[in-house]
1. So what are the ³J(HN,Hα) numbers for segment 38-44, from phi and the Karplus equation (6.51, -1.76, 1.60; θ = phi - 60°), rounded to whole Hz, Gly and Pro as x?
2. Rounded to the nearest 500, what is the 222 nm mean residue ellipticity of the chain from helices alone, with -39500 (n - 2.57) per DSSP H run of 4+ residues and division by all residues?
3. In Å, what Rg and Dmax follow from the Cα atoms of segment 1-90?
4. Thr18 versus Phe57, label points 7 Å from Cα toward the beta carbon: distance in nm?
5. Test of the criteria: in segment 25-130, which GluC sites (Glu not before Pro) are in a DSSP loop and have at most 11 other Cβ atoms within 10 angstrom of their Cβ?
6. Explain nothing, just the number: relative contact order of the chain, from Cα pairs under 8 Å at least 6 residues apart, as a whole percent.
7. May I ask you to compute the full-extension gain from Asn78 to Lys36, defined as 0.36 nm times their residue separation minus their alpha-carbon distance, rounded to one decimal in nm?
8. Karplus couplings for segment 25-32 from phi (6.51 cos²θ - 1.76 cosθ + 1.60, θ = phi - 60°), rounded to Hz, Gly and Pro as x?
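What follows is calculated from the coordinates using simple rules that are stated; it is not laboratory data. Owing to the predicted nature of the structure, the values given are computational and were not obtained by experimental measurement. Heads up, the Cβs are rebuilt from the backbone with ideal geometry, glycines too, and the neighbour counts pull from every protein chain shown.
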Amino acid sequence: MQRTLSILKPDVTRRNLTGAVNERIEKSDLRIIAQKRIQLSLEQAQKFYAVHRERAFFNDLCDFMVTGPVVVQVLEGNNAVDNYRTVMGATNPANAEEGTIRRDFAESIEANSVHGSDSAENAAIEISFFFSEMEIVG
Ligand code: CMP
């Protein structure tokens, strides 16, 4: 069993697609074992995405992430990191395969509906950014 961090981005909450996206997740053998809807501050968004701070898209990405609430959640399942990345599809929805969350719901590379950890190591760091162990109920 493995855990990964999932974020439903502001384009999802704005369009009332939280349930539709989570239906895809739950139908893919991933269990939502922690969840909260929060409004990120700009400082929190910048801290969360700090690995990208030198990238040209960093400021726009952080600005977008605070345009509305996000839903942060911990997913658990076999091979959860890679499984969820497959379910999400490519970062740029234009390159995402049919049937993936980003292909079907994302608006652009920035408003791309979902975030998922890129490794088990980063998943542990990202999960602890938002959740204490007490809030994770497997
Ligand atoms: P996410 O998985 O949340 O991780 C970083 C985010 O930066 C990514 O999804 C995209 O939404 C956003 N982003 C914007 N432009 C780019 C880009 N050119 N390359 C990669 N990520 C980008």
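1. Rounded to whole hertz, the list is 9, 9, 6, 7, 4, 5, 5.
2. On the way: 7 runs with 54 residues, N = 138.
Helix-only estimate at 222 nm: -10500 deg cm²/dmol.
3. 13.5, 36
4. Those two pseudo-labels are separated by 2.5 nm.
5. On the way: sites: Glu26, Glu43, Glu54, Glu76, Glu97, Glu98, Glu107, Glu110, Glu121, Glu126; in loops: Glu54, Glu97, Glu98, Glu107, Glu110.
Qualifying residues, ordered by number: Glu54, Glu97, Glu98.
6. Working: 242 pairs, mean separation 52.8, N = 138.
Relative contact order for the chain comes out at 38 percent.
7. Working: separation 42, 0.36 × 42 = 15.12 nm, distance 2.26 nm.
Full extension from Asn78 to Lys36 adds 12.9 nm.
8. Residue by residue, segment 25-32 yields 5, 5, 7, 10, 6, 10, 9, 7 Hz.
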